[in-house]
1. For region 92-101, which positions are exposed (fewer than 10 other Cβ atoms within 10 Å of the Cβ) and either touching a Lys or Arg at 6+ places or on another chain (Cβ under 9 Å) or of a type in the set (D, E, K, R) (or both)?
2. For residues in region 14-35 being outside any helix (DSSP H, G or I) and under 23 Å from the mean Cα position of the chain (by Cα), which is nearest to THR74 (Cα to Cα)?
3. Can you pull out every residue in region 11-55 that is aromatic (Phe, Trp, Tyr) and surrounded by 11 or more Cβ atoms within 10 Å (Cβ to Cβ)?
4. What are the residues in region 75-90 that are loosely packed, with under 13 Cβ neighbours inside 10 Å and among the small types (Gly, Ala, Ser), if any?
Amino acid sequence: YFSSPDLELADPLLYDRLIRYYQTPSEREAEGRSKGWSGILEADVTRSEAKVEALRENPRETLESRAETNQGQTVSSKEEAEQVWRETMTLRFLEGRDEEADYAAIDGNEEYDDYRQIERDAQDAYFDAESPSVEGSTTGDTGIQDF
């Protein structure tokens with residue numbers, strides 16, 4: 001999921017702020033070679049359109065805000081930026097906001113089911129539904145054994 005070059009198109013401004021900002025020229029060149037000319041053009045056009053739209057919405061955005069993510073977090077290193085990117089894209093996927101993902105195929109695929117968790121949930125439901133019972137009757141017991 002994260003190795004797809006199309007993931008950049010999901011949120012081009014955030015990708016620009018978190019990933020491209022920290023890339024070296026050689027990393028950008030390698031990324032460009034893997035995308036090809038059409039991929040580079042698509043990413044650039046999408047990023048430019050997103051920037052224009054963002055400036056229309058908030059014309060006072062400064063260069064300092066480039067380091068901030070959508071959640072207001074400030075990142076200061078490449079590793080931290082990659083972590084925030086992965087977390088953001090993971091949440092986006094889990095919340096069902098990935099327009100490219102085929103969620104029906106994923107939900108229907110039993111290979112992705114966590115059977116240990118399903119079994120644990122079933123056991124928890126069973127024990128939660130069970131009412132506590134005490135063996136024997138407690139009425140009339142003195143606590144002293146009579147033989």
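Here, each number is a calculation from the coordinates, and none is a lab measurement. Fair warning: this is a prediction, and the values are worked out from it, not measured in the lab. Here Cβ is always computed from backbone atoms with ideal geometry, including for glycine, and neighbour counts include all displayed protein chains.
1. Scanning region 92-101 gives GLU95, GLU99.
2. Only one residue fits best here, namely ILE19.
3. TYR15, TYR21, TYR22
4. Hits for region 75-90 are SER76, SER77.
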